[in-house]
Amino acid sequence: MSSTSGTATADKPIKNSKNTTKPASALLSKEECLELFKLLYLARYFDVRLIKEKRRGRLTGTLYSSHNQEAVLVGSLFGLHPDDWISPIHRDMPAFFLKDIRAGWRNPERKGMSIEEVCSQVWGKAPSPGRARDNWSHIGKKSARIIHSTSMLAGTIPVAAGVAFADRLDGGNAVVLTFNGEGSTAQGVFHEGINFAAVHKLPVITIVENNQWAYGTPTHLGYPLEDYARRADGYGIPGLIADGQDVFDVYDKVMQAIDYARAGNGPSIVECKTFRAYGHGDHDDDRAAKYRNPEEVEKGRSRDPIAVCRRRLVEMGYLEGDAATAYDAEGKHAAEASDEDFPPDVVEFLKEGIEFAIKAPLPAAEEGAMWVFKEN
Ligand SMILES: Cc1ncc(C[n+]2csc(CCOP(=O)(O)OP(=O)(O)O)c2C)c(N)n1
Ligand SMILES: [Mg+2]
């Protein structure tokens, strides 16, 4: 066994930056805890609203829902510095606008994408970062430190390792957070990328979103062990496990990994256990209803991250009375949820993004060759 293997696992926490083993969430203020709660609604509303827009005929293209997985995104992004990098994939669309959101939802300076940019991407309009060359998550934004997402599963891990390596050569101290489904951990590049990061002690954190399904393949046909965090053992790096339905637990585990990486110790894997609420994409909803048994789906969706967070906030004394029951989005499918189930500022924010995208122009046809051929 290597000297680091097993020294920093879920059972043996890594000391955090304040030199205590207290969970990082214990250091969050009441306002920060309530903001986490609000961001869960924001991520959920993005999903619900897009499904509704498509049903109304105002949107085309495939949607890859992150419903029920919001705590993984919100909890892992909340502790990043603005100059840290992320590489989201198809399941993580809200991550593009959640990055650096603590700098202010509408702050033009923040190092994330605006809701207008993300909606322009979804609607295939010119103001999208890629000027509508591709759809859904196939975007990136170097100035916001978002690595371009690709369709090739785990393909961004070697890129993330390269970005971390380059940042170190430039004297930076940024960490790179990569998001991957559990299915993509079987890809060759997953191993090559993490192995490289481990050898060079690069600050690359791989979030494994274990939602129990990779398209139509259940986890037991994709990996012989229970915990994908154990993949870390082969590289001698920490493998942590988070309850992906609990935004505070995700935050705590990812903060351990961030502190560990920022202190120069190298990469780690954080497995977040969650459950895919719908089909792989909305084109797969009907088939998924056949290849997954209804009891499994009901059980997987029974711990809604909004409900789990609400309970925690009530226990902490941060939410009480009417404020605790004001919005009732949890457990509801898009068809069941209405705007009244979400905080008004969340609804307004999305509305601005969508209206902007719908009114925005399509790219000009002459742009087709832009960025493809070098002009003399
Ligand atoms: C290298 C590669 N093989 C296959 C695919 C097709 N594909 C796209 S998503 C997906 C399932 C991914 O499952 P997982 O990694 O668990 O992520 P999830 O969709 O569950 O979030 C597959 C097989 C692909 N995009 N890339
Ligand atoms: Mg999966």
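The values are calculated or read from the model by the stated rules, or taken from the named source; none is laboratory data. Keep in mind that this is a model prediction, so the values were computed, not measured. Neighbour counts run over all protein chains shown; Cβ positions are idealised from the backbone, glycine included. Ligands, DNA and RNA are excluded from the accessible area calculation, which covers all protein heavy atoms including side chains. Shrake-Rupley method; radii C 1.70, N 1.55, O 1.52, S 1.80 Å.
Things to note:
- Loop-resident GluC sites (Glu not before Pro) (DSSP state other than H, G, I, E or B) in region 264-345 with no more than 15 further Cβ atoms inside 10 Å of their Cβ: GLU320, GLU336.
- Of ASN173, ASN210, ASN293, the one that fluctuates the most in a GNM where the chain has Cα springs shorter than 10 Å: ASN293
- Rounded to the nearest 20 debye, dipole of region 240-367 from Cβ charges on Lys, Arg, Asp, Glu: 600
- Dipole of the chain, positive end: most advanced residue of GLY239, PHE342, GLY188 [Cβ charges, Cα centre]: GLY188
- Radius 14 Å from Cβ of ARG145, net charge of other residues (Lys, Arg +1; Asp, Glu -1): -1
- Gaussian network model of the chain, springs between alpha carbon atoms under 10 Å - residue of TYR260, TYR45, TYR291 with greatest fluctuation: TYR291
- Heavy-atom accessible surface of the chain: percent carbon and sulfur, 1.4 Å: 53
- Cα lying deepest toward the dipole's positive end in the chain, options ILE358, VAL176, HIS280, charges on Cβ: VAL176
- Directionally averaged projected area (convex hull, Cα atoms, the chain), nm²: 19.7
- Computed from the Kirkwood radius of its Cα pairs, the Stokes-Einstein diffusion coefficient for region 7-159 at 20 °C and 1.002 mPa s stands at 128 µm²/s.
- Radius of gyration, Dmax [region 219-376; alpha carbons; angstrom]: 21.6, 67
- Diffusion constant of region 132-214 at 10 °C, which comes from Stokes-Einstein with the Kirkwood Cα-pair radius and 1.306 mPa s, µm²/s: 119
- In a reduced charge model with +1 at each Lys and Arg Cβ and -1 at each Asp and Glu Cβ, region 7-158 shows a dipole moment near 280 debye about its Cα centre.
- 1.4 Å probe accessible area per residue over the chain, in Å²: 44
- Within the chain, helix-based [θ] at 222 nm, where runs of 4 or more DSSP H residues each add -39,500 (n - 2.57), nearest 500: -11000 deg cm²/dmol
- For region 73-160, applying the loop criterion from DSSP together with a ceiling of 12 other beta carbons within 10 Å to the trypsin sites (Lys or Arg not before Pro) yields ARG106.
- DSSP beta bridges fully contained in the chain are about 10 percent antiparallel.
- Estimated dipole of the chain in Debye, rounded to 20 [Cβ of Lys and Arg +1, of Asp and Glu -1, Cα centre]: 620
- GNM flexibility winner over the chain from VAL163, VAL247, VAL297 (Cα, springs under 10 Å): VAL297
- Long hydrophobic helices in the chain: the complete DSSP H runs spanning 20 Å or more by Cα along their own axis with mean Kyte-Doolittle hydropathy of at least 0.0 are 247-262, 344-359.
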